[in-house]
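Engineer: Handing you this structure, nothing more for now.
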Amino acid sequence: MISKIQYIICFILTSSFGFSQDYEAKVDSLMNLMTLQEKIGQTVMYGGSWDQTGPIVGTNNGKLIREGNMGAMLNAFTVKGTSDLQKIAIEETRLGIPLLFGYDVIHGHRTIFPINLGMSASWDLKMIEESSRIAAEEASAEGLHWTFAPMVDISREPRWGRISEGAGEDVFLGSEIAKAYVKGFQGDDLSQPNTILACAKHYVAYGAPQAGRDYHTVNMGEGELRNVYLPPFKATVDAGVETFMSAFNELNGIPTSGNKFTLRDILRDEWDFNGFVVSDYTSINEMIPHGFAKDSIDAAKIGMNAGVDMDMMGHVYRLHLKNLVDEGKVSEDYINDACRRILMAKFKLGLFEDPYRYIDEERENTTKYKPEFLTKAREIAAASSVLLQNKNQTLPLSIETKKIAFIGPLVKDEYDILGNWAAKGDRKGKAVSVFEGVSEYLNPSQILYSKGCEILKDDDSGFDEAISISKQADEIVLVMGEGHHMSGEAASRTNLKIPGIQPELIKKIREANPNKKITLVLMNGRPLNLSDEVNQVDAILEVWFPGTMGGAATADLLFGKVNPSGKLTVTFPRNVGQVPIYYNMKNTGRPIPETNPNEDYKSNYIDSPNTPLFVFGHGLSYSNFEYSDLILSSHDLTFSNSIKASVVVTNKGEFDGHEVVQLYIHDKVGSVTRPVKELKGFQKIFLKKGENKTVTFTITAEDLKFYNSKMIYGVEPGYFEIAIKPSSEFKFKQTFKLVND
Ligand code: BGC
């Protein structure tokens, strides 16, 4: 039965301005009917309840929805689950305001793509956008309106498990990738039922925790914050992202979920962000143990005043905001703003016109794991893998090889292969293991298999079998790495070695087979210390956690059906003591002299080189790309013109392939010191064998801007070094000058 008030709402929605896009007027009319507590209700998010078969309406959730005390839910999806909950919101509340359903759709929903750090290594913005488009198709078909993605935290901290969820260490690449995810999730028209709201998280600087420990303290100068950690967030605002998530960490003493400077001054006032901000999971409450709020009432006050519009799981807005307004401690305007922004998102999604538009059983049944999604997942997994080492052209393998031994705990794995935060991706029975993948290429008689050991356990009882199998084979492929739970949230490590006794097994297999070609396929969620392994094996193929089609994609690479083209977006250190190590560091006043790296009193180590094991941008191909010298259209750039920089890239190898061509610049002298190198552009090109292409980049003064010590964003005239290279490992040879017009 439709109530009188619901009738009025229908009238608002369909009256003269009802069919227009004038959501603001509609929101205002609706808000005029709402009580303060109902407005607060919109700022509240709780989790769905589950039984074994799926989401159910928990008694407490049902009660909260009926009372108008809940505006959004997380972890509730499927057509059945969301329709039951939505029905309560529509039919049993005074105003019938639809609920918003959100979920962590991070690297796929059902069809799982490689972990995000892996996908970033594709440097393929189109593919990344396609992955989030497919994720949105699948998620929206199961009733979801909103994903808590992309995570756009820059991180130079391999100990931190969540480095796996981001796009690596670089600000330029990270910003481009951030935009691609947002476009894919949100599409061009949010009112289409196959688009979902994106959420830029975790705002901000969560990726730089002290000692790499999750949730830990961040102390950072404003220059670094603005030059490195904020830009990917700004990029998502420019791409039209609808929501932001505040983070768990403190930043310079102020928790980021109570940080007015970042949430109001920067996000709202400087960037003009109009969407809403949700807290991270109980991050408002966590201001109490942070020592920033004295109790949950204080936490609610600080969170809302700082600019967090929605409280995820914390119960503090629902319980305390009304009293805080009555007592004059929180302005009612803030509640109105928060409620308005949340309602606006619901309008944009079309939920007021049809709250059930994401609830369509047929769509749910026909959308997941579409063959074209799986094909794309296979393609993306192959493009995301990085060939770190390939001595003596060990790879690709030949299908003619008589016997290949596949050894390691991840050969037959269908579980870890999806990685962490794998949404509702089915594992056993759905994910394609490496074993299944290579079985597409080889006859059973060519495949020898032994697990050898577990990822983490100390039990070496499988070593003998593994060694004996390795001796019977002509070539050896080891599939090893981390478990999926070893990266992601709350999964920091102090040791970056391949875990458990796997390194020992690698050594033993090498000892038993001194002259045989050994390939190591690695699954992991962070840069690892591979200093020993580079000497023990011939080839290393980094496939990250490659997702549902990961095993098939790995086989495509191993047998050369696909030529590897991924390049690292994060530096691999030689040892954990070098961390943080990243390509665009500062030079220091005592850089190591080129001619005498061991000179005393220079910025070096006494027990390790400064250089990493694998640099940012590194990644091999089965082909061999040659770069000509750089040609500059002019050596003088002015504020109003542009110059062009180009190289000719030639595929000199025997395989067709993709190459990621990278543009780097170095601002030689600044009013604040500048990094030794900065990525300023890239192009992923395809070259048939023997083919060449001229790759050209246009450079303007805009590309050279940075925040100076007064936090003014600008560009300073002077000399800039420039290079176009296959990775960040090179010495600059050319310079241009920025001069006044
Ligand atoms: C994570 C977020 C996630 C949220 C909801 C938190 O623990 O930090 O990234 O979106 O949970 O699941």
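Engineer: Taking segment 614-657 as the region of interest, how many residues are in a strand (DSSP E or B), among the small types (Gly, Ala, Ser) and under 32 Å from the mean Cα position of the chain (by Cα)?
Structural biologist: Step one: list which residues in segment 614-657 are in a strand (DSSP E or B), which gives 614, 620, 625-627, 631-632, 636-638, 642-651, 657.
When the remaining residues are screened for being among the small types (Gly, Ala, Ser), the result is 642, 645-646, 657.
Next, only the ones that are under 32 Å from the mean Cα position of the chain (by Cα) stay: 645-646, 657.
So the count comes out to 3.
Engineer: Residues in segment 158-179 that are open to solvent by 10 Å² or more (accessible area, probe 1.4 Å) and within 16 Å of the ligand (Cβ to nearest atom): how many? If you could, list the steps in order and put the result at the bottom.
Structural biologist: Initially, segment 158-179 is screened for residues open to solvent by 10 Å² or more (accessible area, probe 1.4 Å), giving 159, 167, 171-172, 175-176, 179.
Filter once more, so that each one left must be within 16 Å of the ligand (Cβ to nearest atom): 167.
Number of matching residues: 1.
Engineer: Which pairs have Cβ atoms under 6 Å, sit 6 or more apart or on different chains, and link a residue in segment 340-368 that is at positive phi to one that is polar (S, T, N, Q) and open to solvent by less than 60 Å² (accessible area, probe 1.4 Å)?
Structural biologist: GLY350/SER191
Engineer: Scan segment 567-593 residue by residue and report those that are open to solvent by less than 30 Å² (accessible area, probe 1.4 Å) and either basic (Lys, Arg) or outside any loop (DSSP other than H, G, I, E, B) (or both).
Structural biologist: Correct list: LYS567, PHE572, GLN578.
Engineer: Which condition number in (1) over 17 Å from LEU520 (Cβ atoms); (2) open to solvent by 20 Å² or more (accessible area, probe 1.4 Å) is the one that PRO396 fails?
Structural biologist: It is condition (1) that PRO396 fails.
Engineer: Let me ask another. Inspect all residues belonging to segment 294-303 and state whether any of them is in contact with a Cys (Cβ under 8 Å, 6 or more places away or on another chain) and either in a loop (DSSP other than H, G, I, E, B) or buried (at least 16 other Cβ atoms within 10 Å of the Cβ) (or both). Spell out the reasoning first.
Structural biologist: Within segment 294-303, the subset in contact with a Cys (Cβ under 8 Å, 6 or more places away or on another chain) is none.
Checking segment 294-303: not a single residue is in contact with a Cys (Cβ under 8 Å, 6 or more places away or on another chain) and either in a loop (DSSP other than H, G, I, E, B) or buried (at least 16 other Cβ atoms within 10 Å of the Cβ) (or both).
Engineer: Let me ask another. For segment 658-695, how many residues meet the condition of being outside any loop (DSSP other than H, G, I, E, B) and under 26 Å from THR571 (Cα atoms)?
Structural biologist: Taking segment 658-695 first, the residues outside any loop (DSSP other than H, G, I, E, B) are 658-667, 678-687, 692-695.
Next, from what is left, pick out any that are under 26 Å from THR571 (Cα atoms): 658-667, 678-686, 695.
Selection size over segment 658-695: 20.
Engineer: Given (1) surrounded by fewer than 24 Cβ atoms within 10 Å (Cβ to Cβ); (2) within 16 Å of the ligand (Cβ to nearest atom); (3) in contact (Cβ under 8 Å) with a residue 60 or more places away in the chain, identify the lone condition not met by PHE248.
Structural biologist: (3)
Engineer: Follow-up. Given the residues LEU410, LEU478, LEU456, which is the only one that is part of a loop (DSSP other than H, G, I, E, B), crowded, with 20+ Cβ neighbours inside 10 Å, touching a residue at least 12 places away in the same chain (Cβ under 8 Å) and more than 16 Å from the ligand (Cβ to nearest atom)?
Structural biologist: Numbers: LEU478 fails: part of a loop (DSSP other than H, G, I, E, B); LEU456 fails: crowded, with 20+ Cβ neighbours inside 10 Å.
Only one candidate passes the filter, namely LEU410.
Engineer: Does PHE273 count as touching a residue at least 12 places away in the same chain (Cβ under 8 Å) and either open to solvent by less than 30 Å² (accessible area, probe 1.4 Å) or within 15 Å of the ligand (Cβ to nearest atom) (or both)?
Structural biologist: Details: touching a residue at least 12 places away in the same chain (Cβ under 8 Å): yes; either open to solvent by less than 30 Å² (accessible area, probe 1.4 Å) or within 15 Å of the ligand (Cβ to nearest atom) (or both): yes.
Criteria met by PHE273.
Engineer: Next up: THR82 passes all but one of (1) assigned to a helix (DSSP H, G or I); (2) touching a strand residue (DSSP E or B) at 6+ places or on another chain (Cβ under 6 Å); (3) within 15 Å of the ligand (Cβ to nearest atom); which number fails?
Structural biologist: (3)
Engineer: Against the definition (touching a Lys or Arg at 6+ places or on another chain (Cβ under 7 Å) and more than 13 Å from GLU242 (Cα to Cα)), how does GLU138 come out, yes or no?
Structural biologist: Details: touching a Lys or Arg at 6+ places or on another chain (Cβ under 7 Å): yes; more than 13 Å from GLU242 (Cα to Cα): yes.
For GLU138, the condition - touching a Lys or Arg at 6+ places or on another chain (Cβ under 7 Å) and more than 13 Å from GLU242 (Cα to Cα) - is met.
Engineer: Which members of segment 506-554 meet the condition of being free of Cβ contacts under 8 Å to residues at least 60 places away in the same chain, in a helix (DSSP H, G or I) and open to solvent by 10 Å² or more (accessible area, probe 1.4 Å)?
Structural biologist: Result: LYS507, LYS508, ARG510, GLU511, ALA512, ASN535, GLN536.
Engineer: Looking only at segment 89-118, which residues are β-branched (Val, Ile, Thr), more than 16 Å from the ligand (Cβ to nearest atom) and open to solvent by less than 10 Å² (accessible area, probe 1.4 Å)?
Structural biologist: Of segment 89-118, the ones β-branched (Val, Ile, Thr) are 90, 93, 97, 105-106, 111-112, 115.
Within this subset, residues satisfying the condition of being more than 16 Å from the ligand (Cβ to nearest atom) are 90, 93, 97, 111-112.
Of everything in segment 89-118, those that are β-branched (Val, Ile, Thr), more than 16 Å from the ligand (Cβ to nearest atom) and open to solvent by less than 10 Å² (accessible area, probe 1.4 Å) turn out to be THR111, ILE112.
Engineer: Determine which single condition ARG341 fails, assuming it passes every other condition in (1) open to solvent by 10 Å² or more (accessible area, probe 1.4 Å); (2) more than 29 Å from the chain's Cα centre (by Cα).
Structural biologist: (2)
Engineer: Restricting attention to segment 485-505, which residues are buried (at least 22 other Cβ atoms within 10 Å of the Cβ) and of a type in the set (Ser, Thr, Tyr)?
Structural biologist: Those that are buried (at least 22 other Cβ atoms within 10 Å of the Cβ) and of a type in the set (Ser, Thr, Tyr): SER487, SER492.
Engineer: When both residues are 6+ apart or on different chains and their Cβ atoms are under 9 Å apart, which pairs have a first residue that lies in segment 614-637 and is in contact (Cβ under 8 Å) with a residue 12 or more places away in the chain and closer than 19 Å to PHE172 by Cβ, and a second that is small (Gly, Ala, Ser) and assigned to a strand (DSSP E or B)?
Structural biologist: Close Cβ pairs satisfying both conditions: LEU630/ALA645; LEU630/SER646; LEU630/ALA723.
Engineer: Need the failing condition index for ALA423 against (1) open to solvent by 40 Å² or more (accessible area, probe 1.4 Å); (2) within 16 Å of the ligand (Cβ to nearest atom), just the number.
Structural biologist: Here ALA423 meets the rest and fails (1).
Engineer: Let me ask something else about it. Can HIS216 be described as farther than 30 Å from LYS87 by Cα and part of a strand (DSSP E or B)? Step through it out loud before you land on a result.
Structural biologist: Values: farther than 30 Å from LYS87 by Cα: yes; part of a strand (DSSP E or B): no.
The answer is no for HIS216.
Engineer: Being under 15 Å from LYS179 (Cα atoms) and open to solvent by less than 10 Å² (accessible area, probe 1.4 Å) is the filter here, so list the residues in segment 123-135 that pass it. Can you show your working first?
Structural biologist: Going residue by residue through segment 123-135, those that are under 15 Å from LYS179 (Cα atoms) are 123-133.
Within segment 123-135, TRP123, ILE128, SER131, SER132 qualify.
The values are calculated or read from the model by the stated rules, or taken from the named source; none is laboratory data. A quick note: this is a predicted structure, and the numbers were derived from the prediction, not measured. Cβ sites come from the backbone with ideal geometry, for glycine too, and all protein chains shown count toward neighbours. Surface accessibility is based on the protein's heavy atoms, side chains included, excluding ligands, DNA and RNA. Shrake-Rupley method; radii C 1.70, N 1.55, O 1.52, S 1.80 Å.
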